[in-house]
1. How large a share of the accessible area of the stretch 16-249, in percent, is made up of carbon and sulfur atoms when the probe is 1.4 Å and the other protein chains stay in place?
2. Quick one: if you stick a label point 7 Å off each Cα along the C-beta vector at Gln45 and Tyr148, how many nm between them?
3. Separation of the stretch 133-154 and the stretch 244-263 by C-alpha centroid, Å?
4. Any chance you could run the full-extension gain for Glu271 through Leu93? It's 0.36 nm times the residue separation minus the Cα-Cα distance, nm to one decimal.
5. Quick one: check the C-alpha center-to-center distance for the stretch 190-206 versus the stretch 14-28, whole angstrom.
6. Relative to a virtual label point 7 Å from the Cα of Phe7 in the Cα→beta-carbon direction, which members of the stretch 340-377 show backbone nitrogen distances below 15 Å?
7. Do any trypsin sites (Lys or Arg not before Pro) in the stretch 266-318 lie in a loop, going by DSSP, with at most 15 other beta-carbon atoms within 10 Å of their beta carbon, and if so which?
8. Using a Förster radius of 56 Å, what is the FRET efficiency between Val223 and Glu250 based on their Cβ-Cβ separation? Nearest 0.05, please.
Amino acid sequence: MKQTIPFNKPYLTGQEVQYIEQAIRSGKISGDGRFTKLCKAFLEQRLAAQKVLLTTSCTDALELSALLLDLQPDDEVIMPAFTYVGTANAFVLRGAKIVFADSTAQNPNLDVTGLERLVTPRTRAIVPVHYAGIACDMDPVLKVAHRYQLTVVEDAAQGIESFYKGQPLGTIGAVGAFSFHETKNVTAGEGGLLAVNDLQKAARAEIMRENGTNRSSFFRGEVDKYTWVDVGSSFLPSDMIAAYLWAQLEQLDAIQHRRIAIWQRYFDGLEGLSALGVGLPVVPEYATNNGHIFYVVCRSLAERSALIEHMRSLHISLAFHYLALHKSPYFANKHDGRALPWADRYTDCLVRLPLYYELGVEDQQRVVEGLLSFYGC
Ligand SMILES: *Cc1c(COP(=O)(O)O)cnc(C)c1O
């Protein structure tokens with residue numbers, strides 16, 4: 001019997017255990033230790049951000065962003081409905097009202113053509129999501145944000161090493177949140193990062209991340225007392241988490257090279273399906289592909305279910321993705337009733353193919369052939 005090809009398999013570079021052991025033996029395993037500093041310096045340089053702050057998850061980085069906005073009850077935040085629940089929860093926890101936007105026809109990112117119509121006097125922020133690491137069209141987002149003085153918070157959870165017109169994702173808005181969850185390109189099991197691009201917000205973000213204290217300034221010798229100066233929470237990952245992450249970041253180029261090659265082989269092998277009306281990922285000319293997700297968009301929900309079943313019979317695991325949040329049990333009665341047909345379409349029809357570092361050429365060929373056989377090619 002053929003071995004099952006899983007949807008995802010976390011990649012180990014081989015250094016993780018050694019670095020975690022070093023962190024433990026150093027006797028300094030709380031946040032902001034040696035490995036946190038290594039990760040921070042590396043990512044600050046890669047992203048060329050004003051400041052980067054390691055957090056326990058991307059959701060936490062988004063919660064920190066929401067704190068930075070000083071949201072008042074009934075303030076509104078615009079984001080796509082086709083996203084992870086954490087994108088919304090971070091703002092819901094601060095009492096904000098979420099205004100869900102539709103996706104575009106070409107890919108699941110925020111439909112910027114309808115964006116301005118969603119702005120009201122209560123709107124405070126726009127949260128574009130770079131789905132599959134492919135950039136949302138940011139210039140129109142920035143334009144609307146500038147016109148109405150809104151803050152742009154990028155959900156760059158999937159956006160590592162990807163760009164919009166040459167600029168790293170997560171460094172275009174005031175802040176950008178990244179994830180190092182097990183399913184992402186670079187992982188720490190659970191982990192995240194906030195890139196702060198607005199200098200004014202950088203000092204405050206650092207304070208809010210450490211329970212509203214000026215602890216970091218104190219350790220840098222900038223103030224002589226360490227005190228409570230603002231609201232905040234504890235968003236620091238332990239240095240053991242950072243040790244795992246550092247083992248991954250050291251191999252970032254190799255990881256990206258491999259994932260992008262796999263993505264490209266899928267694209268080349270499946271390109272013909274588009275003639276049948278099956279959707280393939282579209283990378284607009286302003287965007288890049290970082291090999292995070294490879295998906296196809298089936299022609300119907302029934303077709304997608306049949307495809308998943310067909311592939312399962314071939315011992316290949318596919319995964320659909322988000323259930324658009326405007327129709328979720330928690331939110332349905334809060335939604336203003338606008339139809340979001342593209343969000344619904346990706347909910348019903350998008351399906352992700354196995355994509356992980358160790359996916360070999362032969363196994364990948366099995367996946368491609370499985371899809372082609374389902375579509376009778
Ligand atoms: C993974 C993901 C998150 C959440 O990341 P965590 O680190 O698990 O909190 C948020 N938004 C998007 C778009 C994601 O893909």
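The values are calculated or read from the model by the stated rules, or taken from the named source; none is laboratory data. All of these numbers come straight from a predicted model, not from anything done at the bench. Cβ placement follows ideal geometry from the backbone for every residue including glycine, while neighbour counts extend to all protein chains displayed. All accessible areas refer to the heavy atoms of the entire protein, side chains included, with ligands and DNA or RNA removed. Shrake-Rupley method; radii C 1.70, N 1.55, O 1.52, S 1.80 Å.
1. Roughly 53 percent of what the probe reaches on the stretch 16-249 is carbon or sulfur.
2. 4.1 nm
3. Each part reduced to its Cα centre gives a spacing of 28 Å.
4. 59.8 nm
5. 26 Å
6. The answer is 347-356, whose backbone nitrogens lie closer than 15 Å to the label point.
7. Listed in order of number, the matching sites are Arg299.
8. 0.95
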